[in-house]
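One structure is given below, encoded as structure tokens.
The values are calculated or read from the model by the stated rules, or taken from the named source; none is laboratory data. Predicted, not measured: the structure shown is a model, and the values here were computed from it. We place every Cβ from the backbone using ideal geometry, glycine too, and count neighbours over all the protein chains shown. What goes into the accessible areas is simple: the full protein's heavy atoms, side chains included, and nothing from ligands, DNA or RNA. Shrake-Rupley method; radii C 1.70, N 1.55, O 1.52, S 1.80 Å.
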Amino acid sequence: METHKFDIVVLGAGPAGAASALFLAEAGFKVALVEQREFAKAGPSWVNGLHLDTFQKIGLAEPAGDEVEIRDFPVTFFSADFGERLDVAASGFTNIRMRPFVDRLHRSAFAAGVIGFDQTRVEGFDFRDERPQTVRFSRLTGGDSADRFSLSAKLFVDATGITGLLRGQVASLNQSSGSLNDADVCTALQQNSRISDRAQAAEFLKRHGVQPGTLVSILGTQGGYSTLSVQVSRDLSEVGLLAGAIKDARFLTGTQMVKKFCGENPWVGDKIHSGGGTIPLRHPLHRLTAPGVAVLGNAANQVFSVHGSGVMPALQAARLLANAVTDAADPGDESVLWGYTASFQKNLGAMLATYNLFRRFSQNLKSDDIAKMFRYGLMNEAMMLAGIKQVMPEPSLTSGLSILATGLRDPLFAANLVRSLAHMPLVYMHYLNFPEVHDQKKFAGWVQHAKNLAGY
Ligand SMILES: Cc1cc2nc3c(=O)[nH]c(=O)nc-3n(C[C@H](O)[C@H](O)[C@H](O)COP(=O)(O)OP(=O)(O)OC[C@H]3O[C@@H](n4cnc5c(N)ncnc54)[C@H](O)[C@@H]3O)c2cc1C
């Protein structure tokens, strides 16, 4: 079997893997990008809502042209019974067509010298002292025949999405964070359809008091973590639907929620495109690296779990990984890679893990409780905007007063809220103290305390 030698092999060519391959090639490494599907089908094929603030910091050109479906639209959040609402007029949210966006990342990566292998299946890894040395592949060449080859590298980047192919074979990565259970997984579907009856679509908007182009986001449709978003285009020609719920037999899946909405709203016409899957909602892996291995994107649970958004965290993580290994003679050296884990946990892990406490709290609420959160002012515009931007909310007098007022109006609800969320600032501070250098004893202590605070 022929072996091709690279500095770095990136597995998975979704947004995380494609961006990572690009940044690592720009840093001067010889990089291979391997995808099990055709490159043209790698990663998400649907429309994702992104806040574009961070693109410049990451060093990527902001999405433009056909990558953008609709830019900077208002968002109106509703409780499940539509009794409560909250308007965020200037959300800064932009809908990105992920297919052309990921295609652009691939093109840029290849232009920077990345060698691509698509429709390529991993057959196995060869390890020496727990550090991967080579990965063996087969690639169908037509009929029953397959091309077999292997790639050797100093660093293997696992960006294979929620399955985490290589992560699953490295004990130290699995042990520090534990495995996902269904309560930490969201099933989601995004669909765009034509509008078959504009008058009825306009009537839907009028009934909810919103303009065309507004994202109508209904929170807690089935209680807890379940959301349905409906966005009628500004020219009333199309509607975008996004639904997601925790993977639980008691709840409809994202696909079933969209189907139900279409059945109840006959103005939703033929499907233009749809796509879906599962999203990991747990805190990011405590440890993102092992000798010769770095984990990225969904494979590392790098997701803003409150609304299941993983694209911006994945792109930022790809940049942090490239920063950490640039100029290293051995980019797979654990002390070099630790720089990626540490900078990620301090810059993003702190925020993602803190919001994850809120996600787990909200998962146990009933639809009525979510309506109370609106009514008591516990969800206000500043907080919702912070969630859209994926940043920590500024502590404000209004939020403090809302909690106090809740205590007076509904002491039981307030007690539950405070008990569940009191650890949020502690989790945030703990992540800021992530060990700067790799010291196994210090790290084990850090993980134990993180688990205690998060209640995992
Ligand atoms: C319906 C839906 C709506 C969403 N909406 C949003 C949103 O609005 N905003 C947002 O930020 N996020 C959203 N997300 C989440 C977002 O799509 C993911 O977080 C993001 O795609 C993660 O990127 P990734 O590259 O880590 O993984 P993926 O996109 O899953 O890509 C992984 C790639 O690895 C490949 N692969 C897997 N196994 C192998 C293997 N053995 N060998 C080679 N290749 C392999 C896969 O084929 C795939 O191409 C949504 C998700 C869903 C399902």
Which listed residue is closer than 30 Å to residue 6 by Cβ and within 11 Å of the ligand (Cβ to nearest atom), from 280, 284: 280
Members of region 355-373 found to be over 25 Å from the mean Cα position of the chain (by Cα) and either open to solvent by less than 40 Å² (accessible area, probe 1.4 Å) or at pLDDT 90 or above (or both), listed by number: 369, 371
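Is it the case that some residue within region 263-275 is free of Cβ contacts under 8 Å to residues at least 12 places away in the same chain and over 30 Å from residue 334 (Cβ atoms)?
In the first step, residues of region 263-275 are kept if they are free of Cβ contacts under 8 Å to residues at least 12 places away in the same chain; the result is 263-264.
The next check asks that each one be over 30 Å from residue 334 (Cβ atoms); those that pass are 263-264.
Yes, region 263-275 contains at least one residue that is free of Cβ contacts under 8 Å to residues at least 12 places away in the same chain and over 30 Å from residue 334 (Cβ atoms).
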Which numbered condition residue 193 fails, given (1) in contact (Cβ under 8 Å) with a residue 40 or more places away in the chain; (2) outside the structural domain of residue 286 (by TED's automatic domain parsing); (3) assigned to a helix (DSSP H, G or I); (4) open to solvent by less than 50 Å² (accessible area, probe 1.4 Å): (3)
Sole exception among (1) over 30 Å from residue 230 (Cβ atoms); (2) assigned by TED's automatic domain parsing to the domain that holds residue 157; (3) not β-branched (Val, Ile, Thr) for residue 59, by number: (2)
All positions within region 304-340 that are more than 14 Å from the ligand (Cβ to nearest atom), in contact with a Pro (Cβ under 9 Å, 6 or more places away or on another chain) and over 22 Å from residue 152 (Cβ atoms): 338
Residue pairs meeting the criteria (Cβ under 6 Å; at least 6 apart or on separate chains; first under 12 Å from residue 300 (Cβ atoms), in region 164-180; second assigned to a helix (DSSP H, G or I) and not aliphatic (A, V, I, L, M)): 173/167
The listed residue being among the small types (Gly, Ala, Ser) and part of a strand (DSSP E or B), out of 332, 244: 244
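Residues 184, 197: which one is of a type in the set (Asp, Glu), within 15 Å of the ligand (Cβ to nearest atom) and in contact with a Pro (Cβ under 9 Å, 6 or more places away or on another chain)?
Details: 197 fails: within 15 Å of the ligand (Cβ to nearest atom).
184 is the lone residue from the list that is of a type in the set (Asp, Glu), within 15 Å of the ligand (Cβ to nearest atom) and in contact with a Pro (Cβ under 9 Å, 6 or more places away or on another chain).
Residue by residue, here is whether (1) basic (Lys, Arg); (2) in contact with a Leu (Cβ under 9 Å, 6 or more places away or on another chain) holds:
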site	(1), (2)
85	yes, no
89	no, no
106	no, yes
123	no, no
131	yes, no
134	no, yes
151	no, no
166	no, yes
171	no, no
Filtered residues of region 27-38 (kept if within 9 Å of the ligand (Cβ to nearest atom) and buried (at least 17 other Cβ atoms within 10 Å of the Cβ)): 34, 35, 36
Test: residue in region 146-157 that is free of Cβ contacts under 8 Å to residues at least 40 places away in the same chain, farther than 30 Å from residue 352 by Cβ and not aliphatic (A, V, I, L, M): yes
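Take residues that are crowded, with 16+ Cβ neighbours inside 10 Å, touching a residue at least 60 places away in the same chain (Cβ under 8 Å) and assigned by TED's automatic domain parsing to the domain that holds residue 232 and tell me which of the strands (runs of 3 or more DSSP E) falling wholly in region 63-144 contain 2 or more. Give the steps one after another, and end with the answer.
Working: elements: 68-79, 85-97, 115-117, 120-128, 131-140.
So the answer is none; nothing clears 2.
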Top-ranked residue in region 50-62 [being farther than 11 Å from residue 98 by Cβ and touching a strand residue (DSSP E or B) at 6+ places or on another chain (Cβ under 8 Å); ranked as surrounded by the most Cβ atoms within 10 Å (Cβ to Cβ)]: 51
Top-ranked residue of region 159-181 - restricted to ones that are away from the ligand (no atom under 11 Å from the Cβ) and in a loop (DSSP other than H, G, I, E, B), ranked as least open to solvent (accessible area, probe 1.4 Å): 170
Which numbered condition residue 260 fails, given (1) over 19 Å from residue 189 (Cβ atoms); (2) surrounded by fewer than 20 Cβ atoms within 10 Å (Cβ to Cβ): (1)
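Among the listed residues 13, 18, which satisfies the condition of being within 9 Å of the ligand (Cβ to nearest atom), part of a loop (DSSP other than H, G, I, E, B), closer than 27 Å to residue 146 by Cα and open to solvent by less than 40 Å² (accessible area, probe 1.4 Å)? Quick ask: steps written out before the conclusion?
Values: 18 fails: part of a loop (DSSP other than H, G, I, E, B).
Step by step, each of 13, 18 is checked, and only 13 is within 9 Å of the ligand (Cβ to nearest atom), part of a loop (DSSP other than H, G, I, E, B), closer than 27 Å to residue 146 by Cα and open to solvent by less than 40 Å² (accessible area, probe 1.4 Å).
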Search result, residues across region 247-272 that are within 21 Å of the chain's Cα centre (by Cα), not β-branched (Val, Ile, Thr) and not in a loop (DSSP other than H, G, I, E, B): 254, 257
Within region 39-67, tally of residues that are of a type in the set (A, V, I, L, M) and near the ligand (Cβ under 9 Å from one of its atoms): 3
Residues satisfying the stated conditions in region 61-87, i.e. at positive phi and touching a Gly at 6+ places or on another chain (Cβ under 7 Å): 72
